[in-house]
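Before any comments, here is the structure.
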Amino acid sequence: MSGAVGEPGRVGPTAGVVPGPRAGRGTGLFLLVFAVAIPVFAYANVGVAVDGRLPPGLLAYGAGLGVLALAGHLVVRRFAPFADPMLLPLATLLNGIGLVVIWRLDQSRRLRASPTFVEAAPRQLLYSAMGLALFAVVVAFLRDHRVLQRYTYISMAASLVLLMLPLVPGLGLNVFGARIWISVAGFTIQPAEFAKIVIAVFFAGYLMVKRDALALAGRRVLGVALPRGRDLGPILTVWAMSILILVFETDLGTSLLFFGMFVAMLYTATERTSWIVFGLLMSAAGAVGVTSFEPHVQQRVQAWLHPMGEYLKSRQGLAGHSEQSMQALWALGSGGIVGTGLGQGNSDLIGFAANSDFVLATLGEELGLAGLMAILLLYGLIVQRGMRTALATRDPFGKLLAGGLSAAFGLQVFVVAGGVTGLIPLTGMTMPFIAYGGSSVIANWALIGILIRISDTARRPALPD
C-alpha cells in the first residue's frame, strides 16, 4: 500500500476493474439475508437450550434485526451503489451475534440473582438501532470523503477534547480504576470510541501533507533508514499523548490503539520500516515506564502473569485482586474444539464483565475453538475489505483514512482478543459489535459508514473525458 500512488484530486476505479452500474447490489442483499438468518437461528438455539422452547421474542428479534439491516441496505443502494458489498453484511452479522450472546447472558440465573442486575439485551438493541441510524447519516450526507480533509486540525482539537472529557470533575467516572467514561443524562459514554475516528481524520490529513518529508528525508545507519530529528516531532507528540492517556486515565487499551494506529498510518504513507521499529520501541518504553508506578496498570499486568494467583487471592477476599482472567481461561478451555453449545456454558461465572470485556470467553466456551476462529475470521474480513478499499482509492487522503480506520479496527480486535486469551494484559476495551456498550457499537457503525463511502468513491467508474 503506497501513500504516493495517484493524484490528490482524481478518483477512479480499481486498476483493471470497472464495476458495472449495479455492482454488488444483488451480492450485498444475498449476504445480508444470511447475516440476519444466522443470528435468528442462534437466538432460537439459545432459547431451546435454556428453556426447552423457542424464545417468545424470536419473531420480534428477527423482524427488528431484518428491518434495521434492510434499512441500511437501502441507504447504501441509494447513496453508495458502488460500495463494497461485504462490509454491511459482515457488520450486521457480528452485531446480530453480539445481541444473541448478550441476551443469552441475561438469562443466567447467577447474573439475575445479583441485586444490581439489569437486562442488557434491550439496551443493546436500542444502541444498535442508533448505530445504524448514524451509519445511514454518514453514508447519506458524507457525499465525498475528501471533505473531511478540510477539518484536519479541527479534528485534532476535537479528539483532544474527547480524550480529556473523562478527566473533567463531575463529568468523568472512575470505574474499577479507569477513567474512560463520562456520565450524561444518566447514560455512560466512552468518548475514546468516537475519538479514534476523529483522530484518524487528523492523521490522514497531516500525513498526506508531510509524507514526502517523512519518506525521503533522513539518513541510513547500519542499513536502517533513520528519520531526521525534526521529523520525529509528530510521532513524539502522539507518543506523549498516548502516555498521558495511560497515566491520567489508566487506559492501556486506548493508549495502544492510538499510538498503534498512528504508526500503521505512518508506514502506509512512507513505506519505511524504520517508523515501525521506532514505534514498537517507544511503545514498549512507555508501557514499561508507566507500569513501574501506576497501581492499576500493575494489577492488570499481575493478573496477566499470574491469573491463578489472582484467582486464589480474590477467593480469599483480598482487595485489589480479580478472578476474571482465570475464569475466562477456564471458559475457553472448557469449550474445546466445537464448544458446549449455545446457552449451555458457564461463562457467567466471570461475573458482571461477561458480556463486555470477556464476551469472547462466552463465545469460546459455547462455540468452541472452531466457532471462535469463525468470529475472528469475520473481523479479519472487515479489515481485509477496508485495506482493499485503501488500495483501490486513488486520492492519498482516502487511502490513508481507509487504511488507518481498518488498522484501528483490527488493532482493537487484537488487543481485546489478546487480553481475554492471556496473550497480553487485559486492557478493558470492548470487542467491536459483539460486546455490550452503546459507545462502541455506535462508533463502529460510523466507522463502517466511512469505509463504505470511501469504497463507493474508489469503485465508481471514471467519467469519460
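Read-outs throughout are calculated quantities, based only on the coordinates presented, and are distinct from any laboratory measurement. Note that the coordinates shown come from a computational prediction; the quantities given were computed from them, not determined experimentally. So basically every Cβ, Gly included, is an ideal-geometry build from the backbone, and we count neighbours across all protein chains shown.
Here are the numbers:
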read-out	value
Extension gain, THR237 back to ASP51 (0.36 nm per residue minus Cα-Cα distance, nm)	61.5 nm
Residue among GLY333, LEU391, LEU87 farthest towards the positive dipole end of the chain, charges placed on Cβ	LEU391
Alpha-carbon gyration tensor eigenvalues x 5, square-rooted, for the chain, Å	35, 30, 19
Cα-centre dipole for the stretch 25-459 with unit charges at Cβ (Lys and Arg positive, Asp and Glu negative), debye to 20	1080 debye
Dipole in debye (nearest 20) - the stretch 316-465, about Cα centre, beta carbon charges: Lys, Arg +1; Asp, Glu -1	680 debye
Spin-label pair GLU119/SER183, simplified geometry with 7 Å Cα→Cβ offset, distance in nm	2.5 nm
Order of VAL138, VAL50 under a 10 Å beta carbon neighbour criterion, fewest first	VAL50, VAL138
Sequence-distant lysines (8 or more away, or on other chains) whose Cα lies within less than 18 Å of LYS399	LYS196, LYS210
In nm, spacing of pseudo-spin labels at ARG315 and VAL277 (7 Å Cα→C-beta vector)	4.8 nm
Taking the chain and dividing mean pair separation by its residue count, relative contact order in percent (alpha carbons under 8 Å, at least six apart)	27 percent
Qualifying chymotrypsin sites (Phe, Trp or Tyr not before Pro) for the stretch 253-342 [loop in DSSP, other Cβ within 10 Å: at most 12]	PHE293
Furthest towards positive pole of dipole, PHE194, GLN344, VAL48, structure part the chain, Cβ charges	PHE194
Potential extension, LEU160-ARG110 segment - 0.36 nm per residue separation minus Cα distance	13.9 nm
Interatomic Cα distance distribution for the stretch 240-377, bins of 5 angstrom, percent	2, 10, 14, 15, 14, 15, 15, 10, 5, 1, 0
Alpha-carbon centroid distance for the pair the stretch 32-87 / the stretch 110-188, whole angstrom	24 Å
Structure-based [θ]222 nm, the chain - -39500 (n - 2.57) summed over DSSP H runs of at least 4, per residue, nearest 500	-22000 deg cm²/dmol
Once exposed loop GluC sites (Glu not before Pro) are cut out (DSSP; at most 15 other Cβ, 10 Å), longest piece of the chain	272-465
